[in-house]
Amino acid sequence: MKLRALLLDVDGTLADTEEAHRRAFNGAFARHGYNWHWDRDIYRDLLRVAGGRERMVHFINGLGLSADRTRECIAEVPVIHRTKTSLYTHAVTAGEVQLRPGIQRLVDSARAAGIRVGIVTTTSAANVRALMAVNPRLSADWFDSVVTGERAPRKKPAPDAYLEALAELGIEASAAVAIEDSRNGLLAAAAAGIPVVISWCQWTAHEDFAGALMALPSLGDPEAPLPPEAGQTFPWLELEHIEEAMPHG
Ligand code: XBP
Ligand code: MG
């Protein structure tokens, strides 16, 4: 099948962002007077819930607070999340988040080959804007579609964000490939009928990627080739490898 669109996840795929998100959550909790602290183990578990606000609500519901106190805390989630987003975007703007290997190279190759490129993410639009602002060759006009958490209220693993991107691009699911880092992302794209390449990150390496076209430790680059244990015949992923792996329908 001819590849007509590449749909890129953001957090964990475009860039390894979740440590910066985790720190921003903890900073927001402190600023709002909560003694909550999400260490790496807690956060890895909470990442099963996509969406920062949804993640906080899930955490609060698990605290065993009274019904009234639970309601009070949940009522404050939007304000806490606004503070978190501000702290996170400042961290991105300060250069704390780098693009992962292969992203810029694959986006450039896709553009040169006339393949549409979209962003499909659960994260907030402000976070994507901040990441694009510090990576000029990834600015919004490099993408034919940018679907963020605000445009798909039902977060991954629901397919909504991917269905929104396909509709905006006017592309059938079988002619697109999603690049994701997590099982939530794999399930979301698969539910939309889109084949998936997994580029797992430090937070998702343990997850089950059954059903993906392939699962890699990264997309690789000439400066950062894939390790032999990745078990691939290529040192870094190219568009031709994606097309070769797509179902031939
Ligand atoms: C990852 C997420 C997001 C981020 C936090 O999104 O689930 O919720 O963890 O960002 P994706 P927000 O992998 O789909 O890019 O706090 O803005 O939700
Ligand atoms: Mg992700």
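For the reader, a short list of remarks on this structure follows.
- Complete set of residues in segment 210-249 that are part of a loop (DSSP other than H, G, I, E, B), touching a Ser or Thr at 6+ places or on another chain (Cβ under 9 Å) and of a type in the set (A, V, I, L, M, F, W, C): Leu219, Leu226, Trp236, Leu237, Met246
- Residues in segment 11-60 that are part of a loop (DSSP other than H, G, I, E, B) and either closer than 24 Å to Ala133 by Cβ or near ligand 1 (Cβ under 9 Å from one of its atoms) (or both): Gly12, Thr13, Leu14, Asp16, Thr17, Leu47, Val49, Ala50, Gly51.
- Pair list, Cβ under 7 Å, 6 or more apart: segment 167-194 residue farther than 14 Å from Arg4 by Cβ, other residue in a helix (DSSP H, G or I) and within 16 Å of ligand 2 (Cβ to nearest atom): Glu180/Leu186; Glu180/Ala189; Ala188/Ala161; Ala188/Tyr162; Ala189/Tyr162; Ala192/Tyr162
- Per this entry, Ile198 is counted among residues that are within 16 Å of ligand 2 (Cβ to nearest atom) and within 12 Å of the chain's Cα centre (by Cα).
- Selection count where residues are surrounded by fewer than 11 Cβ atoms within 10 Å (Cβ to Cβ) and either among the hydrophobic types (A, V, I, L, M, F, W, C) or within 25 Å of the chain's Cα centre (by Cα) (or both), scope segment 64-77: 2
- Residue match in segment 1-10 (condition: part of a strand (DSSP E or B) and either more than 16 Å from ligand 2 (Cβ to nearest atom) or at pLDDT below 95 (or both)): yes
- Single condition Arg55 does not satisfy, out of (1) in contact (Cβ under 8 Å) with a residue 40 or more places away in the chain; (2) in contact with a helix residue (DSSP H, G or I) (Cβ under 9 Å, 6 or more places away or on another chain); (3) within 14 Å of ligand 2 (Cβ to nearest atom); (4) of a type outside the set (Ser, Thr, Tyr): (1)
The values are calculated or read from the model by the stated rules, or taken from the named source; none is laboratory data. These figures come from a predicted structure and were not determined experimentally. Neighbour counts run over all protein chains shown; Cβ positions are idealised from the backbone, glycine included.
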